[in-house]
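The values are calculated or read from the model by the stated rules, or taken from the named source; none is laboratory data. What you see is a predicted model, and the numbers here were worked out from it, not measured in a lab. Here Cβ is always computed from backbone atoms with ideal geometry, including for glycine, and neighbour counts include all displayed protein chains. Surface accessibility is based on the protein's heavy atoms, side chains included, excluding ligands, DNA and RNA. Shrake-Rupley method; radii C 1.70, N 1.55, O 1.52, S 1.80 Å.
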Amino acid sequence: MEPISQQEIPDEILKSLGDIHQIIFPRQGHTSDVGVVYSMKGIAVLKRTRSKQFNEWLKRESYILDSLSNSQLPVPKVFDFVEKTHQNDEIHAWLLMEYLQGETLRSIMFNEYDSNTRYNIIFDFGRKLRELHTTPCPVELKSSGNWLDHMLTQAKYYLDHYNVDGTPQLLEELITNKPKEFKQTLIHGDFTIDNVLVHEGRISGIIDWSGGAYGDPRYDVSLAIRPKQKIFQSLSDHKAFFDGYGEKIITHEEYHYFAEGLYEFF
Ligand SMILES: Nc1ncnc2c1ncn2[C@@H]1O[C@H](COP(=O)(O)OP(=O)(O)OP(=O)(O)O)[C@@H](O)[C@H]1O
Ligand SMILES: [Mg+2]
């Protein structure tokens, strides 16, 4: 079954695409349907969500991508964002954006055994994250409050209203054992090996920005280096990452707090 069929696509978006030749579906995430659309106008990516929570995330992603469009970061340009009510009153959100070349870091590393090439790619992964953290945060993303406090409030809301991996006990622990304050920067908010694209051995794209914020860069670093099948299983991958990032900004406890604690609610 196809996650997005041409009949469902809103007219506004069909108009900007022109005739569609083909839609290809990459490995799908949990919150959205994503299609790479080959049309008269070229290649674009269409991302669709269909619940209140995920529609809000997609709207935020579109807002963040717009606010970063003048930065040096490799993020897709937004072509269109549309919310549309269907016959059954379900509201879908649609984001049409630029297609960035490359494959996810996860899929690239799965088949990469040359230690030199691995080092260079993971080094670049760390370096790109450093670039992200030193990019001036657009004013429209700078909320006045503390990012971690906001995340803990949201975690409580998600725990009460949605299905999350975190438990009430874990949330209590996170609230009482907050790590020491750290300088806030622009952050991605979901900086995993699935949300970074690689082309010809270099990081070519950073996607999936709904968690973008003025926040704690230790969160991005923690999510980036989580051990996964065939990556970050060894000290050499960690070394490559931090060589690229330039600095080890997290302790073991802080890694645990963010990657095995806070992330369980999102
Ligand atoms: N702008 C883009 N250019 C090229 N490929 C893209 C682009 N956006 C998304 N993709 C492809 O689609 C896949 C899913 O996209 P994305 O990560 O934005 O959504 P998601 O994973 O479903 O979202 P979530 O992680 O919130 O569930 C990506 O892994 C990538 O392969
Ligand atoms: Mg994703």
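When restricted to residues that are open to solvent by less than 10 Å² (accessible area, probe 1.4 Å) and assigned to a loop (DSSP other than H, G, I, E, B), the range 177-188 contains 1. Checking each residue in the range 189-222 for being more than 11 Å from ligand 1 (Cβ to nearest atom), part of a loop (DSSP other than H, G, I, E, B) and closer than 27 Å to ARG48 by Cβ picks out PHE191, GLY212.
Within the range 47-64, the set of residues being near ligand 1 (Cβ under 9 Å from one of its atoms) and either open to solvent by less than 10 Å² (accessible area, probe 1.4 Å) or in a helix (DSSP H, G or I) (or both) comprises THR49, PHE54, TRP57, LEU58, GLU61. Scanning the range 30-45 for residues that are within 16 Å of ligand 2 (Cβ to nearest atom) and assigned to a loop (DSSP other than H, G, I, E, B) yields a count of 3. For ASP89, the conditions (1) in the same structural domain as HIS252 (by TED's automatic domain parsing); (2) free of Cβ contacts under 8 Å to residues at least 40 places away in the same chain are fulfilled apart from (1). Restricting attention to the range 106-156, the residues that are assigned to a loop (DSSP other than H, G, I, E, B) and acidic (Asp, Glu) add up to 2. Taking the conditions exactly as written (assigned to a helix (DSSP H, G or I), surrounded by 16 or more Cβ atoms within 10 Å (Cβ to Cβ) and modelled with pLDDT of 95 or more), does LEU174 satisfy them or not? So LEU174 fits the description; yes. In the set (1) modelled with pLDDT under 95; (2) within 16 Å of ligand 2 (Cβ to nearest atom), the condition left unmet by ARG48 is number (1).
Exactly one of (1) more than 30 Å from PHE241 (Cα to Cα); (2) within 16 Å of ligand 2 (Cβ to nearest atom); (3) among the aromatic types (Phe, Trp, Tyr) is unmet by TYR99. Its number? Answer for TYR99: the failing condition is (1). Please work out if ARG27 is in a helix (DSSP H, G or I), among the charged types (D, E, K, R), open to solvent by 50 Å² or more (accessible area, probe 1.4 Å) and within 16 Å of ligand 2 (Cβ to nearest atom). Against the criterion (in a helix (DSSP H, G or I), among the charged types (D, E, K, R), open to solvent by 50 Å² or more (accessible area, probe 1.4 Å) and within 16 Å of ligand 2 (Cβ to nearest atom)), ARG27 does not qualify.
Look through ALA224, ALA240 and report the one residue that is over 17 Å from HIS188 (Cβ atoms) and in the same structural domain as PHE182 (by TED's automatic domain parsing). Exactly one residue qualifies, and that residue is ALA240. Of the residues making up the range 105-153, those that are under 21 Å from ILE250 (Cβ atoms), hydroxyl-bearing (Ser, Thr, Tyr) and open to solvent by 60 Å² or more (accessible area, probe 1.4 Å) are TYR119, THR134. Exactly one residue out of GLU103, GLU112 is acidic (Asp, Glu) and closer than 30 Å to SER16 by Cβ: that is GLU103.
Note on the range 112-167: residues that are among the acidic types (Asp, Glu), under 18 Å from ASP216 (Cα atoms) and touching a residue at least 24 places away in the same chain (Cβ under 8 Å) amount to 2.
Filter the range 74-93 for residues that are away from ligand 1 (no atom under 13 Å from the Cβ) and hydrophobic (A, V, I, L, M, F, W, C); which is most open to solvent (accessible area, probe 1.4 Å)? Before you say what the answer is, go through the steps one by one.
Step one: filter the range 74-93 for residues away from ligand 1 (no atom under 13 Å from the Cβ), giving 80-92.
Restricting the remaining residues to those that are hydrophobic (A, V, I, L, M, F, W, C) gives 81-82, 91.
Working: PHE81: 54, VAL82: 13, ILE91: 77 Å².
Applying the filter and picking the extreme gives ILE91.
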